[in-house]
Amino acid sequence: MKHEYVTMKGATMKEVAAHAGVALSSVSRVLNNHPDVSEAMQRQVHDAIAAVGYEPNLLASSLRRGSTETVGFIASDISNPLFAEIVLGAERRLDESGYSMVLTNSEGNPERDEAMIRLLRRRRIDGLILSVADEDRPGTIAELSKLAEPVVLIDREVSGFHTASAVFTDHSGGMRAASEHLLSLGHRRIALISGARSLRPVRERLKGFEAAFATRGLQVPEDLLRFGSFSAPFGQQATAELLALDDPPTAIISGGNLLLTGVLRALQAGQRSVGGDISLISCDDVPLAELHTPPISVVDRDAVQMGDAAASLLLDLLAGGDRPRVAEVPTHLLLRGSTQPLAVD
């Protein structure tokens, strides 16, 4: 494999040859791994390379091979602990296979999704892992369709884009377990606060929520459903609205760890105690849930496993896999002190 070398000092191959005391052609043969170069010559040239500060120009070499050995990752919110763990899992798997990662942050903005897809396409990435902010946005679909490289979606189903592999979470099963637990404790006025219905995790969680009520022959409390964004401000706003109802909820399910922060702020402002005045379950285990008093019950999943699965699917496609595949990560209900039986007056 041929290599090109560059240096911050602006040294040239002639300087390498002069430092090594060999012909310029000998330096070229060593750098290009020519088979007819003695070990002594290789050591002599590489010692000179180190002395003048040469480094391999990996981009030039990889472009000649038709691969940059780089994968793009577009995270919707890198400040979210969930995405940090997903990225960690993906990077570890990619690194084991010799790929590096270019990480970008869309901040949950679909316009930035499109801009980041364009940017990474121009960077000649070999493949892309992402979780889009809007599954139905024509501009996002158009940008993804321009990619010749394989794509893996994280917890998203993009309308009209059927060539991508995907990693899904069993949100429906996890939410059903959480809802059934609260119903078994006597709660009927159960609120669900989550992101936009247009996103797969929200749709699946709502299915699980509704299924739990249907199994018991109960009506879903439609007036306690709040859908907006996964942000803390929305969680606070939605919770405040719910607490102000004439018949407020006795239990709340927060559909995300960032939402949880807002939910807790509103409960504190409304002087409602978690586990006492109101039962609470959140999605995804984060330090806030574990360290809160009382600790908060969660629908948990292995986020690192999600990243690992996404990278594994992409590596399979890069190795010649010709069919989109789907992997599913399970959820489990982790019970703590925030869920208590409904108090009977």
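Points worth noting:
- Between L259, L317, the distinction of being crowded, with 21+ Cβ neighbours inside 10 Å, in contact (Cβ under 8 Å) with a residue 60 or more places away in the chain and under 30 Å from P150 (Cα atoms) belongs to L317 only.
- Test for S179: is it assigned to a helix (DSSP H, G or I) and open to solvent by less than 10 Å² (accessible area, probe 1.4 Å): yes
- Within the range 186-228, considering residues that are hydrophobic (A, V, I, L, M, F, W, C) and open to solvent by 40 Å² or more (accessible area, probe 1.4 Å), the one nearest to V298 (Cα to Cα): F227
- Once the range 41-60 is narrowed to residues that are under 18 Å from A18 (Cβ atoms), assigned to a helix (DSSP H, G or I) and out of contact with any helix residue (DSSP H, G or I) (no Cβ under 8 Å at 6 or more places or on another chain), the residue that is modelled with the lowest pLDDT is A50.
- Those residues of the range 66-82 which are at pLDDT 90 or above and either of a type in the set (S, T, Y) or under 17 Å from I117 (Cβ atoms) (or both), in sequence order: T70, V71, G72, F73, I74, A75
- Restricted to the range 78-161, the set of strands (runs of 3 or more DSSP E) holding at least 3 residues that are open to solvent by 30 Å² or more (accessible area, probe 1.4 Å) comprises 100-105.
- Taking the criterion of being among the aliphatic types (A, V, I, L, M), open to solvent by less than 30 Å² (accessible area, probe 1.4 Å) and farther than 15 Å from Q340 by Cα, the residues of the range 292-308 that qualify are V299, A303, M306.
- Residue list for the range 203-261, restricted to those being more than 21 Å from V286 (Cβ to Cβ) and among the hydroxyl-bearing types (S, T, Y): T215, T250
- Considered as a group, the residues in the range 192-227 that are without any contact (Cβ under 8 Å) to a residue 24 or more places away in the chain and of a type in the set (A, V, I, L, M, F, W, C) include one that is nearest to I278 (Cα to Cα), and that residue is V220.
- Filter result for S254 (out of contact with any Ser or Thr (no Cβ under 7 Å at 6 or more places or on another chain), under 30 Å from A166 (Cα atoms) and crowded, with 17+ Cβ neighbours inside 10 Å): no
The values are calculated or read from the model by the stated rules, or taken from the named source; none is laboratory data. Just so it is clear, the structure is predicted and the values come from calculations on it, not from any experiment. For neighbour counting, all protein chains shown are included, and Cβ atoms are generated from backbone atoms with ideal geometry for every residue, glycine included. Accessible surface is based on the protein model in full, side chains and every heavy atom, while ligands, DNA and RNA are left aside. Shrake-Rupley method; radii C 1.70, N 1.55, O 1.52, S 1.80 Å.
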